[in-house]
Structure formats: structure tokens, C-alpha cells
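The numbers here are math on the coordinates, done by the rules we state, and not lab data. Since the model is a prediction, treat every value here as computed from it, not as a measurement. Cβ sites come from the backbone with ideal geometry, for glycine too, and all protein chains shown count toward neighbours.
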Amino acid sequence: MSAKTVLAINGSPRRKANTAELLQHALRGAADAGAATEMIHLYTLNFKGCTSCFVCKRKDKEHGVCAMKDDLSPVLERVKQVDAVIFGAPIYFMNLSSGMLACLERLFFSNYLYSREIPTVFPKILPSAYIYTMNATEEQARQFQLSERLHFLEMAAGQFFGMPPRTLWAYDTYQFKDYSQYESSIFSETAKAAWRKEQWPRQCAEAYSLGSALVGGQG
Ligand SMILES: Cc1cc2nc3c(=O)[nH]c(=O)nc-3n(C[C@H](O)[C@H](O)[C@H](O)COP(=O)(O)O)c2cc1C
């Protein structure tokens, strides 16, 4: 039997920062559980969000296929082929980064029909996960009702992939290597450093377990 494949999609423009790092840990967990792994950095691709052409809804066209043709097209096809997918996104203005939103618009909308009977045309049940990284502390995220804001996209993944996604929340991330070089007086670098020292290894371990669980048939 061939190995399962886990695909990570990095929705941060930074290829070596917090989101990418957690995705790497998740992929390492998946690899140690026997999977082949792949990472796509969305911001290296040239693509747009959904242009509302509605070709994917036409009765005379193939469903589940986005008619737009650009660098995202092979990514949308690859999601159908793999055995699990992990979406990693930094939080921008209390939502997913625009690159990740544009990707999800295309992926989810093309697999959705305005049909009472058919909840999804995605070809299989696909374990999935969201990894969110943000400056906000857990308390600030609660205050701004971030969980409620992201709930719809989590529901969408549940509906289109046939099972609810896992989620991992990384709060209070370290944004700069050297805070003294940037105007950043709203943050305490000392508090950030202390948080990172205590929490980051735990979050990396959580990401590792998430990757491993996605392969182990635990969704
Ligand atoms: C344009 C922009 C908007 C941001 N907006 C928010 C925000 O609304 N809430 C928040 O908690 N962090 C916000 N951040 C911080 C990032 O979410 C955080 O630093 C994240 O961990 C960055 O991921 P990366 O290190 O993988 O690039 C913002 C960062 C940028 C660049």
C-alpha cells in the first residue's frame, strides 16, 4: 500500500516565520507517522480569488472544478489527490490572510453547488486542519470574538471535506527577530520573549501531534 500524502498550504507571505514553522512541525509529525509530505507557499504563486464567474455552478459544466486558470489551479487539483490538508494562516485584521482567503474562496466555492440535496461535490472525505498564528493573546482573541469570526470557514471545511477540521491556535507570536529595530511600543518584548520561551515549544509539539493524528486515521 502506498504512503498517505499530507499537504500543507502556507498562507503567510513569510516562508520561514511562525506559520511555516508550525506547518513544518505538523509535516514532521505526519512524516514520522509514515506519510509523504508537501508544502506549498501560497505567496510564491500568482493567483486571484474567486471572480464570481459561476462556471462551477453551470449544469452543463463539470462540477468541482474552478474555471479560473492560474498558479492556484494545480493546487486545487492537488488537494483532491492528497490524504489530508493543513491550511496555515496568519491572522490579518482579525481574519485569515488575504492569500489564504483567496485560495479558500476558489477551493470551497468550486466544490459547492446551490443544491438542497448535494452538500459538496468534493470527491472524498478529507481530514483537514487550520493552523492560525497571531499577535493577539488568547484573551484578546476572545475579546474580538475571533473564534466566532473563523467559525464559518471551519464549518465550510467540515461541509465540503465531509468531516470537521482540527484547529491549532498560536497566540502572541514573535513577529520580529529584534523588536528594538521597529516601532512596537504596544508590545512588551520581554513579555513576548517569555511567552515564546514557554509556549512555542508546546505549540510546536501540538503541531507535530496534529500532523501525526491526521495520518493516523483520527481525522
Ligand atoms: C497586515 C497584517 C495584519 C495583521 N493583523 C493582525 C490582527 O488583526 N490580529 C493579530 O492578532 N495579529 C495580526 N497580525 C500579526 C500576525 O498575525 C502575526 O504576527 C502572525 O504570527 C504572522 O505570521 P508569520 O510569522 O507566519 O508571518 C497582522 C500582521 C500583518 C502583517
If you check ASP32 against the conditions, is it touching a residue at least 24 places away in the same chain (Cβ under 8 Å), farther than 20 Å from GLN203 by Cα, in contact with a helix residue (DSSP H, G or I) (Cβ under 9 Å, 6 or more places away or on another chain) and surrounded by fewer than 20 Cβ atoms within 10 Å (Cβ to Cβ)?
no
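Condition check ((1) surrounded by 14 or more Cβ atoms within 10 Å (Cβ to Cβ); (2) under 19 Å from THR133 (Cβ atoms); (3) more than 16 Å from the ligand (Cβ to nearest atom)) across all residues:
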site: ALA8; (1), (2), (3): yes, yes, no
site: ARG14; (1), (2), (3): yes, yes, no
site: GLU38; (1), (2), (3): yes, no, yes
site: THR51; (1), (2), (3): no, no, yes
site: PHE54; (1), (2), (3): no, no, yes
site: LYS59; (1), (2), (3): no, no, yes
site: VAL65; (1), (2), (3): yes, no, yes
site: ARG78; (1), (2), (3): yes, no, yes
Name the pairs whose Cβ atoms lie under 6 Å apart, with the first residue in the stretch 180-194 and over 15 Å from ALA136 (Cβ atoms), the second in a helix (DSSP H, G or I), and 6 or more positions between them or separate chains?
GLU189/TYR179
Scanning the stretch 16-36 for residues that are more than 16 Å from the chain's Cα centre (by Cα) and part of a helix (DSSP H, G or I), which turns out farthest from the ligand (Cβ to nearest atom)?
ASP32
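Please find, among ARG106, ARG28, the residue that is among the basic types (Lys, Arg) and touching a Lys or Arg at 6+ places or on another chain (Cβ under 9 Å).
ARG106
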Considering each residue of the stretch 151-171, count those that are within 19 Å of LYS80 (Cα to Cα) and within 16 Å of the ligand (Cβ to nearest atom), and give that number.
1
So which residues in the stretch 80-109 are touching a residue at least 40 places away in the same chain (Cβ under 8 Å), of a type outside the set (Gly, Ala, Ser) and within 16 Å of the ligand (Cβ to nearest atom), if there are any at all?
ILE86, PHE87, PRO90, ILE91, MET94, ASN95, LEU96, MET100, LEU101, CYS103
